[in-house]
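Let me begin by presenting the structure, written as C-alpha cells, before commenting on it.
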Amino acid sequence: MTHTNLRQIIYELECSHLKPNVRTSEKELSKIIADDYFEIGSSGNIFYRKDYASDKLSPDQFILSDFEMEILSEDCVLTTFQIYNETKLMKTLRSSIWRKRSGEWKLFFHQGTKASD
C-alpha cells in the first residue's frame, strides 16, 4: 500500500467517527475504536472504550481541516488535525494513534485540546 492510499484510508476513518450516526451508536463506534482505546478529551477528562457502552458521544456537527499523518511503523500511524465544532462554535486541535490489528485499522488513542480563536 502506498503512503497516499494509507493516508486516504486513515483520513476516511477519522471523518467517519465524526458523523452523528456513528458517534451515537455503540455498534458503529465498535467498528472503529480498539478495545484498549483511551482518550484525553478537550474537557480534560479521560475516557476509555468501556465508557462508550453507556455514554454516547454528542451528535454535534464537525468540520475537519489541516489533516496530517505520520507513519510510526507499518502498523501504526499518528494523525494530527483541527476540528471546528459547528454546534458549539469551538475549535480544537486533535491527534490520534491508529494501529492495524488483524488486518483492520482501529483507533487506539485520541486527544483533543481547545484552541484559541
Exercise for the section: Using just the helices of the chain, give the 222 nm mean residue ellipticity in deg cm²/dmol: DSSP H runs with n ≥ 4 each add -39,500 (n - 2.57), and the total is spread over all residues, rounded to 500. Expected result: -5000 deg cm²/dmol
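Using Cβ contacts closer than 10 Å as the measure, can you line up 107, 64, 89, 6 from fewest to most?
Fewest-to-most Cβ neighbours within 10 Å comes out as 89, 64, 6, 107.
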Exercise for the section: Starting from the Cα of residue 9, step 7 Å along the direction of its Cβ; do the same at residue 67; then give the gap between the two resulting points in nm. Expected result: 1.4 nm
Handout entry: Charge dipole magnitude, Cβ of K and R +1, D and E -1 - the range 3-114, Cα centre, debye nearest 20
Key = 200 debye
Handout entry: Dipole of the range 3-114, positive end: most advanced residue of 16, 58, 102 [Cβ charges, Cα centre]
Key = 58
Exercise for the section: Arrange the following residues from fewest to most other Cβ atoms within 10 Å of their Cβ: 90, 69. Expected result: 90, 69
Practice task
From the C-alpha gyration tensor of the range 3-114, pull out the three semi-axes of the equivalent ellipsoid (sqrt of 5λ each), sorted largest to smallest, in whole Å.
Solution key: 20, 17, 13
Handout entry: Per DSSP, loop trypsin sites (Lys or Arg not before Pro) in the range 15-62 with at most 13 further Cβ within 10 Å
Key = 31, 56
Practice task
Check cross-link reach from residue 19 to the lysines: straight Cα distance under 18 Å, and skip same-chain residues fewer than eight apart.
Solution key: 27, 31, 56, 88, 91, 106
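Computed from the coordinates by the stated procedures, all read-outs in this text should not be read as laboratory data. On a predicted model such as this, the values are computed, not experimentally measured, just so you know. FYI the Cβ positions are ideal-geometry reconstructions off the backbone, even for glycines, and counts take in every protein chain you see.
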